Amino acid sequence: MIVNDIQHTLFELEDKNYKEFQSKLIPNVEKSCVIGVRTPDLRKLSKSLKSNEDIEIFLNSLPHRFFEENQLHAFIVSDIRDFNLCIQKVNEFLPFIDNWATTDQMSPYIFKRHKKELLKHINIWIKSNRCYTVRFAIEMLMKHYLDEDFDLNYVRMVSNVKSDEYYVNMMIAWYFATALAKQYDEVLPFLTNKCLDKWVHNKTIQKAIESNRISTNQKTFLRTLKIK
């Protein structure tokens, strides 16, 4: 069975030192569920699996047992080149994602060609009661709608997300720091008008100041906006 074959291959790629390192990055995932396979090896394996005639069996075997199986799943789904099929597979997988790393690894290539259609799905995901579904929605807005498709309505959408979840709030801060780097004048009022929760507001400033895409003068001004 393909699931057993994949698990066997993953254990052949096991790096115990990397497992220790990886486990610290995803503390909410049980250590026993982390094998310790490096990302380049996972990507290489996903490329070899995507044309496997039994890959649907693996994609449907949710929830997966191991973190690396989730990573493989994210990579395989990201490589689906049919938009509707990709959306279907994303929606099937999102409820089973249990960590930030898998969320952030899933970035379907086809989405950039279907931004208008993608928005209606983002609108659903961002209202979810699932932490990592909301994080994924914000990540997609950050990746696809801060350049030529920029719209302040999307920024407002993110600013309206209020959560007690650390991994959601970190993504909001990451989004706003990136938005400042790309659309500084348009996005700055969200900070000057204190539209974000205090923690997110201050984390946004911290991340923006750490960015090499923010000018020295901009960083100096952002420091004055920190909420004490």
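The values are calculated or read from the model by the stated rules, or taken from the named source; none is laboratory data. Computed from a predicted structure; not experimentally measured. So basically every Cβ, Gly included, is an ideal-geometry build from the backbone, and we count neighbours across all protein chains shown. Protein only, heavy atoms only, side chains kept; ligands, DNA and RNA dropped before computing areas. Shrake-Rupley method; radii C 1.70, N 1.55, O 1.52, S 1.80 Å.
Some points to look at:
- ASP104 sits among other residues whose Cβ lies under 11 Å from its own Cβ, and their net charge, with Lys and Arg +1 and Asp and Glu -1, is +1.
- More than 17 Å apart - percent of Cα-Cα pairs taken over segment 1-128: 57 percent
- Å³ per residue enclosed by the Cα convex hull of the chain: 132 Å³
- Distance from the C-alpha centroid of segment 152-203 to that of segment 13-84: 30 Å, rounded to the whole angstrom.
- With the convex hull drawn over the C-alpha atoms of segment 67-152, the volume per residue is 86 Å³.
- Overall, segment 101-208 carries a charge dipole of about 200 debye about its Cα centre when +1 sits on the Cβ of Lys and Arg and -1 on the Cβ of Asp and Glu, all other atoms neutral.
- Two-site FRET efficiency, LEU13 against ASP82, from Cβ-Cβ distance with R₀ of 35 Å, rounded to 0.05: 0.75
- Radius ratio Rg over Rh of segment 30-87, counting only Cα atoms, Kirkwood formula for Rh: 0.97
- If you run the Gaussian network model on the chain, springs between alpha carbon atoms under 10 Å, then out of LYS89, LYS19, LYS116 the most flexible one is LYS116.
- Distance in nm between pseudo-label sites at HIS114 and LYS143 (7 Å out along the Cβ direction from Cα): 1.4 nm
- For segment 46-156: accessible area per residue (Å², 1.4 Å): 45 Å²
- Note: segment 99-228, Cα convex hull, 105 Å³ per residue.
- Rounded to the nearest 20, the Cβ-based charge dipole of the chain about its Cα centre (Lys and Arg +1, Asp and Glu -1) stands at 1100 debye.
- Between the residues ILE35, THR9, SER23, the greatest Cα displacement towards the positive end of the dipole of segment 1-48, with unit charges on the Cβ of Lys, Arg, Asp and Glu, is found for SER23.
- Pairs from LYS194/LYS228; LYS127/LYS226; LYS24/LYS162; LYS143/LYS219; LYS162/LYS207 whose Cα-Cα separation, in the structure shown, is over 21 Å: LYS127/LYS226; LYS24/LYS162; LYS143/LYS219
- Using only alpha-carbon positions in segment 1-68, the gyration tensor eigenvalues give semi-axes of 22, 14, 10 Å once each is multiplied by 5 and square-rooted (largest first).
- Hull shadow area, averaged, segment 151-228 [alpha-carbon convex hull, nm²]: 4.7 nm²
- Each Lys and Arg adds +1 at its Cβ and each Asp and Glu adds -1 at its Cβ; summed about the Cα centre, segment 1-130 shows a dipole of about 740 debye.
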